[in-house]
Amino acid sequence: MSTLLDIKSSVLRQVQVCPSFRRKTEQEPESTGTDSQEPPTGAWKPGDGVEFFAHMRLILKKGDGRQGLPCPEVLLRSGSPAPAEPVDPNRGMRALTQEEVMGVRGVFGTSSEEHMEAIARVKKAKAPTYVLKVSVMRAKNLLAKDPNGFSDPYCMLGILPASSAPQESSGQKEQRFGFRKGSKRSSPLPAKCIQVTEVKSSTLNPVWKEHFLFEIEDVNTDQLHLDIWDHDDDVSLAEACRKLNEVIGLKGMSRYFKQIVKSARANGTSGPTEDHTDDFLGCLNIPIREVPVAGADRWFKLEPRSSASRVQGDCHLVLKLITTQRDTAMSQRGRSGFLSYLLLLSRVLWFEHRVEEPNSSNWRGELSGPGTTILCLHGAQSNLSPLQLAVLHWQVSSRHHQMRTLDYGYLLGLLEDVQAHWEEAASLPQEQEESLADSFSAFSEFGLRLLRQLRDYFPATNSTAVYRLELLLKCLEKLQLFQPAFQICPFETELNMDIAAALKRGNREWYDQLLNTKSPREQPGPQRLAGLVELADIIYEDLQSCYGVYASLFHGILKVDFFTLTFRQLERLVAEEAWVLTEELSPKMNLEVASGLFELYLTLADTQRFWSCIPGRESRSLALAGIHTPFLPAVKLWLQVLRDQAKWRLQGAVDVDTLEPVDAASKHSSSAATASLCLSHIQELWVRLAWPDPAQAQGLGTQLSQDMCEASLFYTELLRKKVDTQPGAAGEAVSEQLCVVLNNVELVRRASGQALRGLAWPEGANGLEGVLPRPLLSCIQALDEDLQREAHTVTAHLTSKMVADIRKYVQHISLSPDSIQNDEAVAPLLKYLDEKLALLNDSLVKENLNRVLEALWELLLQAILQALSANRDVSADFYGRFHFTLEALVSFFHAEGQGLPLENLRDGSYKRLEEELRLHKCSTRECIEQFYLDKLKQRSLEQNRFGRLTVRCHYEAAEQRLAVEVLHAADLLPLDANGLSDPFVIVELGPPHLFPLVRSQRTQVKARTLHPVYDELFHFSVPAEACRRRGACVLFTVMDHDWLSTNDFAGEAALGLGGISGITRPHVGGGMRPGQPITLHLRRPRAQVRSALRMLEGRTNKEAQEFVKKLKELEKCMEADL
């Protein structure tokens, strides 16, 4: 047979460390559909443990989202694009299309006949007067005409009537009109049509920003002509043109025009000496009919006057064609174009929005083509500035928004346009500014009404609504920025103060409505309680929304601390309601009321902790501070109900438990999962309770911890009774049900320990953070000891079924003949252990497997010890085989570090067994020497119990004798009836075979004392070599002298001779000098000394029997004293 020296349990090596306590949040294994339903709110009755804990899970689930501060929501945001250009700038002046005509009819709701009549009236009316508004902004990249590399440019511009417009003739060189060049074929240009800009010195990129108005006689044929010149004369065309404003009459104007023409020489006609003439830099010819309806704002490329001219650069112009006089009914009534545009835009906006979906909030004011054209025509012809147009669009749209919702991004864009143009123009006529201020006031009032109903119109759970709120707040912020710009302030107070007041009012209205719905005051207190719990939960969720969603918007945009404002207000309101209700319900306390008050307090405590979690906030200033006081009776009653319900729940779980693993991955049954879950829920509930008063918290926590300990022990007792009633399989060495029970006990032990550690309560200012309170720590330790004891009891019950088999295999080893090899003799035992441990590994968690291994190890050691005691006078090979067996079992149970630690295996009974095996191989004298060595190693556990003996000992080498002086004793045992003793001391040397000729000596008897003084010196003639032998010692035995009976044993002490003075070398081994006293503690022999004695008892030789006989007589004395 192959050797089994290296047998290691493959099972032990593959033990997987599985945590035996896992928190399960899912439904309990044996729970039925009732668990998932909300339990009734009535008083809890016996047998309702399932419903009670289901309700408690709902309470805990409600608190899961209340840990710490809520994270701000990530809102869905989209940038609002800028409004599109009102018209295509390339369309220019044209007649309205049929579609646009139909659009006008739709806007004003006119019939075909009414429209034709209006057209006829317009045709008969006087034609309007047109004016071209030209803004010369700047030029760039002009030619350098001066020696310094720059030019001194200025612009000359005017309107060319149809008769003065340049005409092209075939076969002639192309030539353009120029102000400085007379034309023989056309009449002179009227001087009133010419304007000139300032001269910009030494630049090729001049900036003018000058504005001019020109009357237009015929929009179809007139042209705008512009020349750019480099100024060279001190007095030139520019100054002459400015004098045109002083001309009165046609003759004067003709004279000045001649002066202009004279000074405006043709470019290049003067000789080189005429350096004072102005140089041509470029020109522009723009037909009036090409100016777009909405005006033109762009760069124009400069053109040459003729093909021989060399020019470069561009000129930036802003052109707008407006009307100054119109023969209309509104003009006749004195209405301005501003008011006319406002009325027109209102009608167009109302008409256009009407075709969209009803109550649509996404419309951004996109107008149709006809509507846009009509508004552009009217705005341009009314000469409305960009600021006026922006103000008009804001006024009309903001008023329209109050009737039909628009996109707030569109309104914000309108405000930004007003702001941008306001910064440029910086003023409006007073009437228009008052109108704008009124629109701001109306919109702000409308916004404040919405903010009062914030939760209805902008719910925090709707990201689109929250984004609309953000845009609304930005609109209000823009209004606040306009406030100092108005001469007539539209707001009586600061807008953010009005917003804060509106929010407060809205909070109160929302709370009152909620209170009337959930918990009307006219209802009786018990009926109101459930509604108030629901109200408190809604308020907590609302405060979370305020902090996570609304607070950042209001503070970031308007600098309004919305969260603090809302929290303070709602917290005060709900606290007042809770104080009143608890005072009303205190005399009516019952289980139903206590349950409701307990749940209400949890929410109020969560609210208070919510405030405390925010940095820089303290809960002492809250109305909820001290709210726990009236809830204390209800909490105590509810915890009592919890204790009873926990027991009922555990009873029900054990009743339906089949003592089988809940699944393949778990090794415990359903009742253990239920018990651990109940303990975990109780601990979580205590954490949520977080009772603030340290003294009251200690009382509640202590009681709850005791209840949890009681419930845990109650569960193990139920398991024991359950398994006792189960029929066991006949002949089954490993019971699967016992394994499940053992796993259940371990799971509950770990679950209860973890749950109890979570019950730590505050111990006031003197308590150390992180240190468990002493009562709780004592409770944890006591419960752990009880459950460990229970686990060991189940382990012993489990391993007891293997005792007979183990003894059988150990006996097989003891009876094996010497011809069989040691490994073959041990093989059956190791094979049996391997099979059983494989089953145990599949059924037990690691902690319990270690317990079983320790129990089996102890069983094996005891079985081997019994086998040794049953076999006397056997060969040395017998003991050698068991020594081999012992080492093989150590290697098997250690399993290369996967099993039990070596220090645990080689402790306790192992040391005793190993010592016996070693002594069995020793001779009689070696055993006797070991007996005395054990005495020298023995230490008194209770040093003062048997007293002390002081002696002095040294070796006199010259005389070859040992001097032993007994000085005195103290604190001896009182062995007589009078409470004293009559002590004397026996002095002898041992072992006997080292000192065969030396007889023992004794001191005198000291009567009636426990502190005798002897001062007696004894000499023993012995060689020094004998004193140095192994085990050589002086044995002092203190006896109580009795006159009428045998002497009583009082104690003994041993002193090794190898270390006394005279035996050892000087200063080596700590040798004692002559005269130095030694105090020895008296003791009685213990088991470790008796092992050698047992070995000697089994010997039949004379020396062993005489030694044992002498010791037996001493033992009789000791037994008589006990």
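Tell me which residues, restricted to segment 382-396, are open to solvent by less than 40 Å² (accessible area, probe 1.4 Å) and part of a helix (DSSP H, G or I). 387, 388, 390, 391, 392, 394, 395, 396 - these are the residues of segment 382-396 that are open to solvent by less than 40 Å² (accessible area, probe 1.4 Å) and part of a helix (DSSP H, G or I).
Among the conditions (1) in contact (Cβ under 8 Å) with a residue 40 or more places away in the chain; (2) in a helix (DSSP H, G or I), residue 724 misses just one, which is (1). Out of 321, 284, one residue alone is hydrophobic (A, V, I, L, M, F, W, C), more than 25 Å from residue 373 (Cβ to Cβ) and either modelled with pLDDT of 50 or more or assigned to a strand (DSSP E or B) (or both). It is 284.
Scanning segment 361-378 for residues that are surrounded by fewer than 18 Cβ atoms within 10 Å (Cβ to Cβ) and under 16 Å from residue 405 (Cα atoms) gives 361, 362, 364, 366.
Just a yes or no: is a residue in segment 1041-1050 at pLDDT 70 or above, aliphatic (A, V, I, L, M) and outside any loop (DSSP other than H, G, I, E, B)? There is at least one residue in segment 1041-1050 that is at pLDDT 70 or above, aliphatic (A, V, I, L, M) and outside any loop (DSSP other than H, G, I, E, B).
Quick grid of which residues meet (1) over 53 Å from the mean Cα position of the chain (by Cα); (2) at pLDDT below 80:
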position: 350; (1), (2): no, yes
position: 354; (1), (2): no, yes
position: 363; (1), (2): no, yes
position: 380; (1), (2): yes, yes
position: 386; (1), (2): no, no
position: 394; (1), (2): no, no
position: 405; (1), (2): no, no
position: 418; (1), (2): no, no
position: 421; (1), (2): no, no
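For segment 826-833, the condition of being at pLDDT 90 or above, closer than 30 Å to residue 660 by Cα and under 42 Å from the mean Cα position of the chain (by Cα) holds for none of the residues. If you go through segment 787-811 and keep only what is without any contact (Cβ under 8 Å) to a residue 40 or more places away in the chain, more than 15 Å from residue 836 (Cβ to Cβ) and surrounded by 14 or more Cβ atoms within 10 Å (Cβ to Cβ), you end up with 788, 793. Looking across segment 501-525, the residues that are of a type outside the set (Phe, Trp, Tyr), buried (at least 16 other Cβ atoms within 10 Å of the Cβ) and closer than 17 Å to residue 573 by Cβ come down to 503, 506, 507, 514, 515, 518, 519. Mind checking whether some residue in segment 958-974 is free of Cβ contacts under 8 Å to residues at least 24 places away in the same chain, under 21 Å from residue 1078 (Cα atoms) and not basic (Lys, Arg)? So far as segment 958-974 goes, no, none of its residues is free of Cβ contacts under 8 Å to residues at least 24 places away in the same chain, under 21 Å from residue 1078 (Cα atoms) and not basic (Lys, Arg). Name the residue, out of 818, 823, 784, that is outside any helix (DSSP H, G or I) and either touching a residue at least 24 places away in the same chain (Cβ under 8 Å) or closer than 29 Å to residue 683 by Cα (or both). The match here is 818.
If we keep just the residues of segment 955-973 that are in contact with a strand residue (DSSP E or B) (Cβ under 9 Å, 6 or more places away or on another chain) and more than 28 Å from residue 1107 (Cβ to Cβ), which is surrounded by the fewest Cβ atoms within 10 Å (Cβ to Cβ)? If we take residues in segment 955-973 being in contact with a strand residue (DSSP E or B) (Cβ under 9 Å, 6 or more places away or on another chain) and more than 28 Å from residue 1107 (Cβ to Cβ), then 959 is surrounded by the fewest Cβ atoms within 10 Å (Cβ to Cβ).
Per the listing 886, 860, the residue uniquely in a helix (DSSP H, G or I) and either open to solvent by 10 Å² or more (accessible area, probe 1.4 Å) or over 22 Å from residue 922 (Cα atoms) (or both) is 860.
Taking segment 1011-1038 as the range and being outside any strand (DSSP E or B) and closer than 17 Å to residue 1053 by Cα as the test, the residues that pass are 1011, 1012, 1031, 1032. Scan segment 924-954 for residues that are modelled with pLDDT under 90 and closer than 20 Å to residue 995 by Cβ and the total you get is 13.
Considering the conditions (1) at pLDDT below 80; (2) surrounded by 12 or more Cβ atoms within 10 Å (Cβ to Cβ), residue 290 is excluded by exactly one of them, (1). Give the number of residues within segment 566-585 that are open to solvent by 30 Å² or more (accessible area, probe 1.4 Å) and either in contact (Cβ under 8 Å) with a residue 60 or more places away in the chain or in contact with a Leu (Cβ under 9 Å, 6 or more places away or on another chain) (or both). Adding up the residues that qualify gives 2. For first residues located in segment 639-655 and in contact (Cβ under 8 Å) with a residue 24 or more places away in the chain, partners that are open to solvent by 70 Å² or more (accessible area, probe 1.4 Å) and outside any helix (DSSP H, G or I) and lie 6+ apart or on another chain with Cβ distances below 8 Å form the pairs 644/46; 648/46.
The residues listed here are 891, 843; of these, the one that is closer than 22 Å to residue 916 by Cα, open to solvent by 10 Å² or more (accessible area, probe 1.4 Å) and either in contact (Cβ under 8 Å) with a residue 12 or more places away in the chain or charged (D, E, K, R) (or both) is 891.
Residue-wise test of (1) acidic (Asp, Glu); (2) under 23 Å from residue 869 (Cα atoms).
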position: 776; (1), (2): no, no
position: 781; (1), (2): no, no
position: 813; (1), (2): no, yes
position: 819; (1), (2): no, yes
position: 823; (1), (2): yes, yes
position: 830; (1), (2): no, yes
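All told, residue 456 meets the bar of being assigned to a helix (DSSP H, G or I), open to solvent by 60 Å² or more (accessible area, probe 1.4 Å), out of contact with any strand residue (DSSP E or B) (no Cβ under 9 Å at 6 or more places or on another chain) and without any contact (Cβ under 8 Å) to a residue 24 or more places away in the chain. When segment 203-232 is filtered for residues that are touching a helix residue (DSSP H, G or I) at 6+ places or on another chain (Cβ under 7 Å) and exposed (fewer than 15 other Cβ atoms within 10 Å of the Cβ), the ones remaining, listed by number, are 218, 219, 220. In this entry, residue 1019 passes the filter for residues that are under 27 Å from residue 960 (Cα atoms) and modelled with pLDDT of 90 or more.
The values are calculated or read from the model by the stated rules, or taken from the named source; none is laboratory data. As the structure is a prediction and not an experimental result, all values here were calculated from the model. As a convention, Cβ positions derive from the backbone with ideal geometry for all residues, glycine included, and neighbour counts pool all protein chains shown. Calculation scope for accessible area: heavy atoms of the full protein, side chains included, ligands and nucleic acids excluded. Shrake-Rupley method; radii C 1.70, N 1.55, O 1.52, S 1.80 Å.
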